[in-house]
Amino acid sequence: MLRTEELSKVFRTDEVETTALNKVSFEVQKGEFVAIMGPSGCGKSTLLNILGLLDNPTSGNYYFLNNEVSGHSEKQRAKLRKQNIGFVFQNFNLIDELNVFENVELPLIYLGFNASDRKERVQEVLEQVKIAHRAKHFPLQLSGGQQQRVAVARALVAKPHLILADEPTGNLDSSHGEEIMGLLDNLNQNGTTIVMVTHSVRDAEYAQRIVRLFDGEVINENIKEAVAV
Amino acid sequence: MWKIYIKSAFRNIIKQKFYTFINITGLSIGIACFILIGLYITDELSYDKYHEKAGRIYRVVNVYDFNGVGENSASAPFPVAFTMKEEYPGMIENVVRVFNFQAPRSLVVYKEHKFNERNFFFADSTFFEVFDHEFVEGDPETALNEINSVVITEKAARKYFGEEEPLGKILRFESALNLKVTGVIKDVPVQSHFNFDFIASMASVRNMYGGSLPRTWVWNPCWTYLVLKKKADPEKLEAAFPDFVNKFFYDAEKENISLYLQPLTDIHLKSKLDYEIEPNNSISNIYILAAIGIFMLLIAGINFMNLATATSSGRSREIGIKKVVGAYRGQIIRQFFGESILLTFFAMVLALLIVELILPAFNTFTGKEISLSVLLQPAYIAALILLVLISGIFSGFYPAVYLSSFRPVSVLKGKISKGAKSGLGRKVLVVLQFAISIALIIATFVAFDQIRYMRSADLGFNKEHVIIVPINRTAVAGQYPAFKREIENNANIISATTVDDIFGSAHNTHEFRPEGFPEDKWNFYPALVVAYDFVKTFGIKIIAGRDYNEANKTDPVKGILINEAMVRHMGWENPEASLGKKFKSLQGDERVIGVTNNFNATSLHEAAGPFVLNMKETPGAIMFFTKYLCVRYIPGNEKEVISFLASRWNEYEKERPFEYSFLGDELSKLYKDEENLGRLSVIFTFLIIFIAALGLFGLASFMAEQRTKEIGIRKVLGAGVGSIIRIISAEFIKLVIVATIIAWPISYLLMDTWLQDFAYRTSINYLFFIYAALIALAIAMMITSARAYFASQTNPVDTLKYE
């Protein structure tokens, strides 16, 4: 699905140079559920942004669906992104001015689906995440868990090959958190590749593999057992 | 996709009610003014274009130049038109002359209906071939063929005949001609360089002159129009005019005379000649108004840009998310354009309502008859749509480009949420708005100062407390000496005189041959035909010699008065030295008996030059040139004087109604354009400042909102209201100061250029620059302080908790 080779990201300001990622090499196979863990500031989100084609690395290679994409322009990345990747954020990132249906519909609009196809598809995913009854509500009228379900629905609606989740339960209480993780697990069971950044050991248990980052470097790549460490 | 753009645009508009209100209010006022100015300008530009042959019609202009003194005449001698047609048959398709005996008014009578008509003209039978006027009754091809026939407008028909059938009715003209109505036409469109109610046949004039029209090449009373053939080149025709002058004009004058062609459609905005049929407007006024209209839109558009970018932090997340889920930058840009166009559309709807509401007042104000229905013409609808698109794209451009440039990563990390605070671009725009406002304030001050200057300038004579009564061809003119004696007996009347033009507004030129000039040559000098007590009535000073003296019977035929400028023009040593110099006129050998101070015989657009005051002696000449009675009275007794004059009038003149005006009012009319422009620019400047202030208020509100937390912390730490106001206001005050520095030199240059139009101009008062800056500063301070004051009133506990 995706592979990185010696991926680095350096942020420069006038006075300071910060290395967020330092020669990170790792791979995610199709159908895998990978959790990325590590302390705050270790580069998790930076890595996720690069994997999600929201940002380019400073150096190194990134192969997405076997294509080297590290040098792609914003326009090329946007194209790949909308066709292949769904995002779930910690703070949901729904558009307050659009209702549930419209928020979920958005990726389909940018993919150029026609109205009737969009309606059908949105309805389907809303039912899948059990929020169809709230289709006409606006984000601010929903609980955190419901908002995140909408966000998951939006991530799913274009049937992406890859879902990137950035601390998807970080803003939720435990029962809502479980609900979301259940949803992601379910998706994974059905073949969707998931890469998730998390602080939560409990969430990480859903993953098949955990990648540990520290100071921008991969320090441990393990299956399951690593969780117990 | 558009559906969702529009939907989110709507929801954003509603969410940001306050800023939307500011945007729409500003934009709609801006657009409304732009439309009004646009209507005004298109109306001005449409003059005379309704004639089918408008593009081929030219007026022959006649310039007499005697070493810089002379005239630029809008009219030409009688023979010019048809001689030209004969000389240049390959180029000229048709010609027509328009003539009015150079009489400001003509008495027209039908039964008990008697009126002094200003809009009475005679014209060749080709008139309706050259100019297009719709006939309601009668035949345009034959209507002016016969002697004593007249075509009248529907307005004139109603005025004289009411409901009666006008065709065939007889109108009595100047108690001399019986004119039969042979046609009725629709009223002349307002957009005509001359408006007539009566066009009588030139055959009637020919008949009056005993069978042939005047053959002189000197007297030039005919407004002469040529229709060129379709492929004829006006420049080529003009190039032939020197030969034409050589061939036909009198030898003695040839070298001083030149003829030019003036396009018909240029007359209204570009012609300021002597003897114009009606006063024209000036193209520079149109440019000034157009600039104001564009500034108006610009400032309203800037409000939009500023508020949209300032409030962008609230939308950065939306943009980030859209980009994350796959929106291209172009799609985001389109979305913002969609929003701004939608908002502009609302503003346009509101603007049209505003225009409808104020159009009647605007018409009264500008003397126009613009109807809102012109906006329904396809061209206007297209223009309005274009206006929405252009102003929408213009106002949406900066926000669209700026907001769409957000990188999703930065947005989602929250890097941009407070980034809207600095905004150099916004500062530049605020500076631009204020620079324009300040420049306009200065311009308005200077324009009004110039108008004040023209009104109060020393004209070299006293224009106050003089009543003007038109007496051309009346019994009062016929028995003027008796009438004068009679009215001068009234204790309220100081003196009375007559002139052939309203002194200070217009004059003719007459032929003279001063000492030292060749005997075979006449020179044409600006002159007025006057009567006894002219100098006294107008308060002119005699600086050498003496005035005309009624006791001295040879004065009218032997004596002439000139002004000081004429002494210099002649190269005579000094006023005293010029006394007794020969100054031959058509009446015979005259001599200079007195020299007056210089005076402005026309508007202050032109410099006061050499001038001659002359009296006529023969009864015929006196009758012809006695056009206005001028009466100086004791201030404060206008009413008595007027009713006294009216009662005397009615005893002398049985037919004509008494009319009068004040000299001061007549002279004010010379500056009508400037005053109109001045008043319009005051209103528009006020509105521009209002729109800019509105934008500033929005921006200050936004800043105050942005800094709620900062204000809260400062208050907790002990800051008072004053210091908080200072913090918020200081930034804007700096911008206004920068705007002032930019506006000053620009407005100085612009107004200096504008003033060059006037031969007499006020010096630009530096205080205006200070005033304008102070006004702008005061407005900026008031608005930002008020907003800051409210911000400072919130309880820090609330704001900090909220954060």
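Sorted on the mean count of surrounding Cβ atoms within 10 Å across their residues, most packed first, peptides A:71-79, B:524-532 read B:524-532, A:71-79.
Summarising the amide proton neighbourhood of residue A:88: residues at separation of 5 or more, or on other chains, whose placed amide H is nearer than 5 Å comprise A:164, A:165, A:166.
With the helix formula -39500 (n - 2.57) applied to DSSP H stretches of n ≥ 4, chain B reaches a computed 222 nm mean residue ellipticity of -16500 deg cm²/dmol. The A-B contact accounts for roughly 2500 square angstrom of buried accessible surface, both chains included, probe 1.4 angstrom.
Given only helices, namely DSSP H runs of n ≥ 4 each adding -39500 (n - 2.57), what is the per-residue ellipticity at 222 nm of chain A, to the nearest 500 deg cm²/dmol?
Details: 8 runs with 82 residues, N = 229.
Mean residue ellipticity at 222 nm (helix-derived): -10500 deg cm²/dmol.
For the peptide A:106-119, the mean number of other protein chain Cβ atoms found within 10 angstrom of a residue's Cβ is 3. Taking the 1.4 Å solvent-accessible surface of the range B:450-581 as the whole, the part contributed by carbon and sulfur is 48%.
Phi angles across the range B:564-570 convert, under the Karplus curve 6.51 cos²θ - 1.76 cosθ + 1.60 with θ = phi - 60°, into 3J(HN,Hα) values of 4, 4, 5, 4, 5, 4, 6 Hz, Gly and Pro given as x.
Partners of residue B:169 within straight-line reach, counting aspartates and glutamates whose Cα lies under 17 Å from its Cα and excluding those fewer than 8 residues away in the same chain: B:112, B:137, B:139, B:146, B:154, B:197.
Could you sort out which of B:254/B:521; B:254/B:558; B:484/B:669 sit more than 19 Å apart by Cα distance in this structure? From the list (B:254/B:521; B:254/B:558; B:484/B:669), the Cα-Cα distance tops 19 Å for B:254/B:558; B:484/B:669. What the Cα atoms of the range A:61-107 give is an Rg and a Dmax of 13.7, 39 Å.
If packing is taken as the average number of other Cβ atoms within 10 Å across a peptide's residues, how do B:371-383, B:714-726, A:118-130 rank, most packed first?
A:118-130, B:714-726, B:371-383
Candidate cross-link partners of residue B:734 among the lysines, defined by an alpha-carbon separation under 18 Å and a same-chain spacing of 8 or more, comprise B:421, B:427. Peptide packing: for B:275-282, B:645-652, the average count of neighbouring Cβ atoms within 10 Å per residue gives the ranking B:275-282, B:645-652, highest mean first. Computed from backbone phi with θ = phi - 60° and the Karplus coefficients 6.51, -1.76 and 1.60, the 3J(HN,Hα) list for the range B:471-484 is 10, 3, 6, 9, 5, 5, 5, x, 10, 4, x, 5, 4, 4 Hz; x is used for glycine and proline. Amide H to amide H distances under 5 Å link residue A:211 with A:35, A:36, A:37, where only residues 5 or more positions off or on other chains count and H is placed in the peptide plane. The alpha-carbon of residue B:368 sits under 12 angstrom from the alpha-carbons of these aspartates and glutamates, leaving out residues fewer than 8 places away in its chain: B:43, B:44. Relative to one another, the C-alpha centroids of the range A:27-56 and the range B:433-472 are positioned 76 Å apart. Counting only protein heavy atoms and a 1.4 Å probe, chain B has 42 square angstrom of accessible area per residue. For the range B:232-246, 3J(HN,Hα) computed residue by residue from phi via the Karplus equation (6.51, -1.76, 1.60; θ = phi - 60°) reads 6, 9, x, 5, 5, 5, 4, 5, 8, 4, x, 5, 4, 4, 4 Hz, glycine and proline entered as x.
For the segment B:325-336, counting C-beta atoms of other chains within 10 Å of every residue's C-beta and taking the mean gives 5. The mean number of partner chain beta-carbon atoms within 10 angstrom of a residue's beta-carbon across peptide A:92-101 is 5.
With Cα atoms defining each centre, the range B:699-726 and the range B:342-361 are spaced 38 Å apart in the structure. In this structure the amide hydrogen of residue B:596, modeled in the peptide plane, comes within under 5 Å of the amide hydrogens of B:543, B:562, B:563, B:564, none closer than 5 places in sequence on its chain.
Relative to the 2.2 N^0.38 Å rule of thumb, chain B has a C-alpha radius of gyration ratio of 1.20.
Considering every alpha-carbon pair of the range B:179-268, the percent of pairs per 10 Å bin, from zero through the bin containing the longest distance, is 11, 30, 36, 20, 2. Charge tally for residue B:760 (other residues, Cβ to Cβ under 10 Å; Lys, Arg +1; Asp, Glu -1): -1. If you count Lys pairs in the range A:1-117 whose Cα atoms are under 24 Å apart, skipping same-chain pairs closer than 8 places in sequence, the total is 11.
The values are calculated or read from the model by the stated rules, or taken from the named source; none is laboratory data. Everything quoted here is computed from the prediction, not taken from an experiment. Neighbour counts are summed over all protein chains in view; Cβ atoms, including those assigned to glycine, are modelled from backbone coordinates with ideal geometry. Just the protein is used for accessible areas: all its heavy atoms, side chains included, with ligands, DNA and RNA removed. Shrake-Rupley method; radii C 1.70, N 1.55, O 1.52, S 1.80 Å.
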